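Taking it in order: structure first as structure tokens, then the write-up.
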Amino acid sequence: MGVRGLQGFVGSTCPHICTTVNLHELAESHRAKYPGSTPTIVVDAMCCLRYWYTAESWVCGGQWREYYSALRDFLAAFTSAGIKLIFFFDGTVEPGKRDEWVKRRLKNNREISRIFHYIKSKREQPGRNMFFIPSGLAIFTRFALKSLGQETFCSLQEADYEVASYGLQHNCLGILGEDTDYLIYDTCPYLSIGDLCLESLQTILLCREKLCESLGLRVSDLPLLACLLGNDITPEGMFESFRYKCLSSYASVKENAGKKGNIILAVSDYISKVLHLYQGEKKIEEMLPLGPNKALFYKGVTSYLLPGQKSPWLVQKPKSIITDKQMASLNPGSKQEVPMCIDPEFKQEVPVCTNPESMQEVPMCMDPEPNQEASVCMDRESKPEVPMCTDPESKPEVPLYTNPESKQKSPSEIDPKCNLEALTCTYPEVKQEDAMDMEPEIKQATMVSESEILKVARMHHVHSESYLVYNILSSGEIECSNTLEDELDQALPSQAFIYRPVRQRVYSLLLEDWKDGASTGPVVKEWFVYPGNSLKHPDLVRPLQMTVQGGTPSLEVLWLSQEPAAQARRLDTLLACFNLSSSREELQSVESPLRALCCLLIYLFVQVDTLSLEDLHAFIAQALCLQGKSTSQLMHLQLDYINSRAVQLGSLLVRGLTTLVLVNSACGFPWTTSDFMPWNVFDGKLFHQKYLQSEKGYGVETLLEQNRSWLTTFHNLKAVVCKACSKENRRIVGRIHWNSHYTGRQGRQGHGSYRSGSTHGHSGQSWRDQGSVQLSNPSLCTLRTRPLL
């Protein structure tokens, strides 16, 4: 989100800091100035998702072929200009920013409610003003960029810090994003993705030097200003009274600046005229009303300091330049062995709760689930020396099983470690107890020991090759953002619950020291968004033991072994995570890329009894028809109307594909990643079309667009799914055979319509309540949403 009010202020009051630049020309100037150097732009990918997703349809689950094509065109434009792009994605949510994350997720819930209300009343997709990015877009964008040959990284801390740090250290042409924090960091120039014209490669450069000139500040004052205005670390209300005092005494109020703009001017004026006067003579807490928020304030200021930088607003010993985000590992004998990667190691982890009884107010869930002026702003002749730490032992000595599709090299590594003594030494005004408040992760432990396994997990995480695995191993805390789910549709459980049993088996696999029945086994904190979840606390979810033929293999076998039999063990483990070991032979008979989709469909139809034969026909038909369609054909596909249930089913399937990414990476990549990339197996509009046709009773030939060559494959896939479901006593029937108990879909006739687990239920509870209930019976570990007929 950046600094409160700064984006609007720049546009309305200081438009002169925004300069139109041509990236072709900037690249040429860079090559002339640095011969032999490739002009590089570091991209904050999370800021660019809305810019990249240009497909007209967005509610049906995603137009993935169109999206992939748009990414290819984006890359081609920069390649033609000789500009290299480096992409960064958020890889974690830092504990200090969890409240802000929750606030945004709850806001998104309200937006999703309005979207479904619109769809059900208008039977059409809302306008772009209500646009909501398709589920899984950020996850699959990483893999799309990698498949297109791009260097793509997943952060180990807040992504904007790693982006700014990379841009500074590698003398990048600029940072492409949409976050005013990039005006605060003292790094390379900030380029707007929102104003980028891809055809001409023109965009807006926001110059922090000109911003400082307008505000009467120095660049080193900007972190202080950001914290006083409010950002993701210091809440907006923290200095509200202070800002209004500044405004009341500000004599140069501008009518065109508005209230927020004048507050920024007034606070800047106070910094330049009052605080500068006493700088070096008084401590900052003697000049500002920090009160009990002192530690949080210091944390906010230091969060903007990149490696090698220091703040004049924090009293420092002359030789100390290391902050809590910059603690470089300068000791070659350090025990911290890190693979070659961007590794700020400022990974904020949570305490691992092994005794659920000690967490009284936290729910326990066991249920499964070029312009000349611009060139001045870009000239950074004087750059601080950056302490670098590269690990000579970054290449493991043992055989390493890696994703065979990965060919990416990682840049030089920085390994700053949070260190309490260094923090208090660098900033003596920060007392030890304050430092502990600032950095709760200082006293944290990882879920597993620092081992070869953890290093491999971190490497795959940083290189965007896995999903959630490192987060589970290192901190035991994961999150999943909003999904297009209708909170009023009680017939379809949330994806958070449907796929929870799979995640629980993955937890058992990754946290392998846990033993079945242990009362103090580990729990994983799940911050999953679903209807009815207030997100006041995470759901605490325990591992669920699984059965693998021959016994569950260790992570060493799955990840490191190069024995011929290891690949079969990986596949056995993957199927066991979905509880589909008995269907191994049938699934092996299905060709790629439909095998992974077939696995997912079996799991879904076993788990959710309100999925019908018509739904199965629609899922299979769209996957087959997709193979023969061009991006242009999919783009021009027209729908008669939009069905809210089909919207939810589309998002449900895509979330299943992200679950496949998690399981495949946890099991050592038994399947080729491309097999479950959505642009190969799913198209939102195409599925919606098949759903509407199937709902109207159209025959299979019509669903397959009269292509008889697909008819045999269709019936084979259907037979595999139905046979596997029958082994679980799940008979897939058409809606015409449903009884009145669950044909209405408007709600549930009491809690008895669903049960959780094979023999246990929760009296008075629906599946939507289960995520926030503390459960004590270890047997209640699986969610089976089966109507009791």
Exercise. Just the number, please: carbon plus sulfur as a percent of the accessible area of region 86-244, 1.4 Å probe, no ligands or DNA/RNA counted.
Key: 48 percent
Self-check item: In Å², nearest 10: area of residue 117 left accessible to a 1.4 Å probe
Solution: 130 Å²
Self-check item: Förster radius 41 Å - calculated FRET efficiency between residue 75 and residue 554, Cβ distance, rounded to 0.05
Solution: 0.55
Self-check item: Surface per residue (accessible, 1.4 Å probe) for region 175-314, Å²
Solution: 38 Å²
Quiz item: With Cβ to Cβ distances under 13 Å as the rule, what net charge do the other residues near residue 698 carry (K, R +1; D, E -1)?
Solution: -3
Quiz item: Over 28 Å between Cα atoms, which of 310/455; 33/455; 107/273; 107/310; 245/299; 245/282 qualify?
Solution: 310/455; 33/455; 107/273; 107/310
Quiz item: Which order do 303, 29 take by accessible area at a 1.4 Å probe, largest first?
Solution: 29, 303
Practice problem: Roll a 1.4 angstrom probe over the protein heavy atoms and tell me the percent of accessible area of region 548-667 that is carbon or sulfur. | Solution: 48 percent
Quiz item: Can you give the accessible area of residue 166, probe radius 1.4 Å, in Å² rounded to 10?
Solution: 20 Å²
Self-check item: Net +/- balance of residues flanking residue 59 in space, Cβ distance below 10 Å, scoring K and R +1, D and E -1
Solution: 0
Practice problem: Between residue 100 and residue 285, take the C-beta separation as r, use R0 = 25 Å, and let me know the FRET efficiency to the nearest 0.05. | Solution: 0.55
Self-check item: Stretchable slack from residue 726 to residue 585, in nm (0.36 nm times residue separation minus alpha-carbon distance)
Solution: 49.2 nm
Practice problem: Give me the accessible area per residue for region 37-170, probe 1.4 Å, as a whole number in Å². | Solution: 34 Å²
Quiz item: Looking at this model, which pairs from 120/723; 84/294; 120/259; 629/718; 103/259; 146/260 are more than 30 angstrom apart at the alpha-carbon?
Solution: 120/723; 84/294; 120/259; 146/260
Quiz item: Roughly how much of residue 635 is accessible, in Å² to the nearest 10, using a 1.4 Å probe?
Solution: 90 Å²
Exercise. Return the distance in nm (one decimal) between the two label points of a simple spin-label model at residue 7 and residue 274, each offset 7 Å from Cα along Cα→Cβ.
Key: 3.0 nm
Exercise. Grab the beta carbon distance between residue 171 and residue 563, set R0 = 41 Å, and tell me the FRET efficiency rounded to 0.05.
Key: 0.35
Quiz item: What are the trypsin sites (Lys or Arg not before Pro) within region 569-631 that DSSP puts in a loop, where the Cβ has at most 16 other Cβ atoms within 10 Å?
Solution: 629
Practice problem: Express in nm, to one decimal, how much length is gained between residue 240 and residue 110 on full extension, taking 0.36 nm for each residue of separation and deducting their alpha carbon distance. | Solution: 44.1 nm
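The values are calculated or read from the model by the stated rules, or taken from the named source; none is laboratory data. In this text, all values refer to a predicted model and were calculated from it rather than measured experimentally. Heads up, the Cβs are rebuilt from the backbone with ideal geometry, glycines too, and the neighbour counts pull from every protein chain shown. These accessible areas exclude ligands, DNA and RNA; they are computed on the full protein's heavy atoms, side chains included. Shrake-Rupley method; radii C 1.70, N 1.55, O 1.52, S 1.80 Å.
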